[in-house]
Amino acid sequence: MAHPKRRQSHTRQAKRRTHDVAKMPALAICPNCGAHYLYHTVCPSCGYYRGKLAIEKAAEAEKSIQATHLRYAVQQTCIIKAPGS
């Protein structure tokens with residue numbers, strides 16, 4: 001491993017670090033729904049990529065909501081039946 005002969009000054013250290021900045025990612029606007037998304041990725045809100053449906057977002061969301069309601073209903077029936085059994 002290299003060992004420096006002299007200590008680097010604060011100015012030289014700061015000059016070296018001028019490019020070490022976190023940059024904002026380039027965002028595109030979805031032509032289907034108008035939401036912002038990263039280039040070369042599927043739109044997270046509608047599921048379209050390059051004008052074609054890649055992921056069915058509405059159907060997945062509805063299925064998860066139905067599953068949650070079903071799970072809640074099963075829990076409620078178990079709670080209601082358990083003490084009276």
- [ ] Kindly indicate whether Lys15 is in a helix (DSSP H, G or I) and either at pLDDT 65 or above or loosely packed, with under 10 Cβ neighbours inside 10 Å (or both).
- [x] yes
- [ ] Look at segment 18-42 and say how many of its residues are surrounded by fewer than 10 Cβ atoms within 10 Å (Cβ to Cβ) and either among the polar types (S, T, N, Q) or in a strand (DSSP E or B) (or both).
- [x] 1
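The values are calculated or read from the model by the stated rules, or taken from the named source; none is laboratory data. None of the values given here were measured: they were computed from a predicted structure. Here Cβ is always computed from backbone atoms with ideal geometry, including for glycine, and neighbour counts include all displayed protein chains.
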